[in-house]
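Asks: This is the structure I have questions about; it appears just below.
The values are calculated or read from the model by the stated rules, or taken from the named source; none is laboratory data. All of these numbers come straight from a predicted model, not from anything done at the bench. A quick note on method: Cβ atoms are made from the backbone with ideal geometry, for glycine too, and the neighbour counts reach across all protein chains shown. The area values use the complete protein model at the heavy-atom level, side chains included, leaving out ligands, DNA and RNA. Shrake-Rupley method; radii C 1.70, N 1.55, O 1.52, S 1.80 Å.
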Amino acid sequence: MKRSVNFFFHHMVRIPEPELMEDPTQVESYDKADFETAHSFLIRKFQDRLPQRFLPESILDLGCGPGDMSSRLYSQFPNANFTFLDGSEFMLDLCKKRIDTLVSKKRYNKINFKKELVQDFVPESTYDLVFSNSLLHHLLDPFEFWGAIQRSIHNDSFIFISDLIRPDSLNQTNQLVERYANNEPEVLKTDFYNSLLAAYRLEEVREMLEIVRLDQKLNLEPITDRHWICYSKPKL
């Protein structure tokens with residue numbers, strides 16, 4: 001599966017993709033894709049970086065998608081109040097179905113599913129934990145994402161964000177698609193390819209953090225050949 005565009009720079013230019021995943025075929029393929037290895041790895045990285053004895057009472061999952069990561073998050077903190085937010089109704093419905101299979105009938109804490117664009121999200125109150133996986137690269141204006149993060153936290157909130165890294169070249173992009181999505185349907189290969197082209201590079205994310213003045217609060221590090229994580233620094 002070889003694709004090409006007409007320009008190159010020192011680093012490959014970012015090519016945005018649609019902000020919302022609303023094509024039913026695309027959503028269904030994404031929902032059925034095998035993310036077990038990648039998502040289990042990301043959750044372990046998340047768990048490794050949490051403060052000791054951290055038990056959040058309120059959790060925000062920004063851009064929950066079909067809920068695979070959301071269900072893992074819920075399983076770790078089953079007694080917390082959750083807000084799952086996504087701009088795609090298809091995605092939010094899939095997330096709700098996943099979470100519903102985990103919820104105990106005796107559970108009294110709140111679970112909210114919000115169909116809302118991240119730039120429009122104004123929380124009623126702040127959250128102890130703000131989690132987001134693979135949302136940033138969908139947004140035309142990345143500062144709408146960081147604005148939503150800032151509106152959602154208090155001084156002691158723990159933040160954990162993960163997303164893709166834009167490769168150096170189209171050749172490298174094709175290699176990543178063949179390495180990690182070779183057995184997936186063509187629609188998912190195309191989606192992964194487009195997501196890699198739409199992703200931000202580490203130096204771009206670092207600059208964003210400096211601009212929004214979160215660079216002193218958050219660590220940023222690459223964890224695979226295609227993922228970075230950003231998370232709250234330990235309290236001194």
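Asks: Enter the accessible area per residue of the range 158-236 (Å², integer; probe 1.4 Å; all protein chains in place).
Replies: Ligands and nucleic acids excluded, the result is 45 Å² per residue.
Asks: While we're here: Which of the GluC sites (Glu not before Pro) found in the range 31-137 are in a DSSP loop and have at most 12 neighbouring Cβ atoms, other than their own, within 10 Å?
Replies: For GluC sites (Glu not before Pro) across the range 31-137 that sit outside H, G, I, E and B with at most 12 neighbouring Cβ atoms in 10 Å, the list reads E57, E124.
Asks: Just to be sure I understand the model, the point goes 7 Å from the Cα along the line to the Cβ. What's the resulting D48 to E210 distance in nm?
Replies: The modelled label-to-label distance comes out at 2.7 nm.
Asks: Leaving out ligands, DNA and RNA, what percent of the accessible area of the range 35-95 is carbon and sulfur, probe 1.4 Å?
Replies: 48
Asks: Placing +1 on the Cβ of each Lys and Arg and -1 on the Cβ of each Asp and Glu in the chain, which of H138, Y108, L202 has its Cα farthest towards the positive end of the resulting dipole?
Replies: Value: Y108.
Asks: Considering only S71, Q52, L85, whose Cα is most displaced toward the positive end of the charge dipole of the range 50-116, charges sitting on Cβ of Lys, Arg (+1) and Asp, Glu (-1)?
Replies: Q52
Asks: Leaving ligands, DNA and RNA out of it, report the carbon-plus-sulfur percent of the accessible area of the range 97-236 at a 1.4 Å probe.
Replies: 47
Asks: Just how large is the dipole of the chain about the Cα centre, in debye to the nearest 20, putting +1 at every Lys and Arg Cβ and -1 at every Asp and Glu Cβ?
Replies: Here the size comes out at about 840 debye.
Asks: What number, rounded to the nearest 500 deg cm²/dmol, is the helix-based mean residue ellipticity at 222 nm of the chain, given -39500 (n - 2.57) per DSSP H run of at least four residues and division by all its residues?
Replies: -11500 deg cm²/dmol
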